[in-house]
Amino acid sequence: MAKTALVTGITGQDGAYLAALLLEQGYEVHGLARRSSTSDVNLSRLDWLGVTNDVRIVDGNLLDLSGLIRTMREVRPDEIYNLGAQSFVKSSWQQPILTGQVTGLGVANVLEAVRLEQPDARFYQASSSEMYGLIQEPMQTETTPFYPRSPYAVAKLYGHWLTVNYRESFGLHASSGILFNHESPLRGIEFVTRKVTHSVARIKLGLSTELRLGNIDAKRDWGHSKDYVRAMWMMLQQDVADDYVIATGRTTTVRDMCKIAFQHAGLDMDKHLVIDPDLFRPAEVDVLLGSPKKAKEAFGWEPTISLEEMIVEMVDADLKRLAYLKSA
């Protein structure tokens, strides 16, 4: 029989790529989505990948424990991937309580629903490299101490340790992936890589003249979402649950990432890039660099798409989107 998966945050970047991967593996895929009275669920990322009609959307909210219990009872998933969160770091300073409720306590609600209704299911928690914050080691591993530097990172840390706690306390097959930055053409425009590629495309098409950024000397370990969701799935195929860093082992400045985008579009970065002090974070995370050694040794995972290939793909996708809108 085909396995059944439940994915929270299925309308996001990772949710869409994961849904496509699970469908390729023969899963029946259910996605938890939060509806509002003003708009329907945004399925554009699933549409982009051509899998919308193959996914079953379930109404739900990470803050609603009773609804999550009911969903577990009805769907009976073999695997649960908790990707839902308030995931924009900058917004977490303006909405720290909401971020704590959704990104932190939301994990508790899902874990409780799993414990009560599907204790034999396998659970994945999307942890984040932002938990390392003020880094305590030059290269971060599963044993590196955490030092979160934003309300988002603090909330993610709560969810991470709660996953460990439920694994140890209740024997759940619960794993956390400590994912470093991962991007794609499906990344939200508020995130720096997509902000860069979208702005470069706008400049190239004559729709804008500048790209405004904050700290361009911050360094990040960037990979492709398609590679990283594959790691999520591989974790849940292991006999024993554990926590794994998923990263490329390569760090690049925002400045150099921008250069790749501008050069691909044939533009002079120095003529268009503007540093805006208002875009600096209250507490900056200067460097993130992860070691994927444990994941590689445990189940053979390693990235297949380079930063350069990813940024080129993103610029081309934004040029295609904007050219279509411009001609419409």
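Largest mean-square fluctuation among Asn42, Asn215, Asn61, in a Gaussian network model of the chain whose springs join Cα atoms under 10 Å apart, belongs to Asn42. In this structure, Asp47 and Glu297 have a Cβ-Cβ separation that, at R0 = 45 Å, corresponds to a calculated FRET efficiency of about 0.75.
With R₀ set to 41 Å, the beta-carbon distance separating Trp93 from Asp239 gives a calculated FRET efficiency near 0.50. The residues Tyr147, Tyr158, when put in order of fewest to most other Cβ atoms within 10 Å, stand as Tyr147, Tyr158. Relative to the longest principal axis of the Cα atoms of the chain, the long axis of helix 65-75 lies at roughly 80 degrees. Computed over the chain, the P(r) curve from all C-alpha pair distances, binned at 10 Å from the origin, holds 6, 26, 35, 24, 8, 1 percent per bin. Close Lys pairs in the stretch 180-328 (alpha-carbon distance under 18 Å; sequence gap of 8 or more, or different chains): 12. Between the Cα long axis of helix 254-264 and the first principal axis of the chain there is an angle of about 70°, rounded to the nearest 10. Sorted fewest first by neighbouring Cβ atoms within 10 angstrom, Arg167, Arg255 come out as Arg255, Arg167.
Helix 13-24 versus the longest principal axis of the chain: what is the Cα-based angle in degrees, 0 to 90, to the nearest 10? Helix 13-24 sits at roughly 60 degrees to that axis. When Ile189, Ile135 are sorted by how many other C-beta atoms sit within 10 angstrom of their C-beta, beginning with the fewest, the order is Ile189, Ile135.
Label sites at Asp59 and Leu116, each approximated as a point 7 angstrom past Cα along Cα to Cβ, lie 2.0 nm apart. Computed over the chain, the per-residue total of -39500 (n - 2.57) for DSSP H runs of n ≥ 4 gives a 222 nm mean residue ellipticity of -12500 deg cm²/dmol, rounded to 500. Between Arg255 and Phe191, the distance separating the two model label sites (each 7 Å from Cα on the Cα→Cβ line) works out to 2.4 nm.
In a DSSP loop and with at most 14 other Cβ atoms within 10 Å, the chymotrypsin sites (Phe, Trp or Tyr not before Pro) in the stretch 68-135 are Phe88. In whole angstrom, note down how far apart the Cα centers of the stretch 53-116 and the stretch 140-198 are. Measuring centre to centre over Cα atoms gives 14 Å.
Values in this text are rule-based calculations from the coordinates and carry no lab data. Here the structure is a predicted model, which is why all the values come from computation and not from measurement. Quick reminder, even Gly has a Cβ in these numbers, built from the backbone with ideal geometry, and neighbours come from all protein chains shown.
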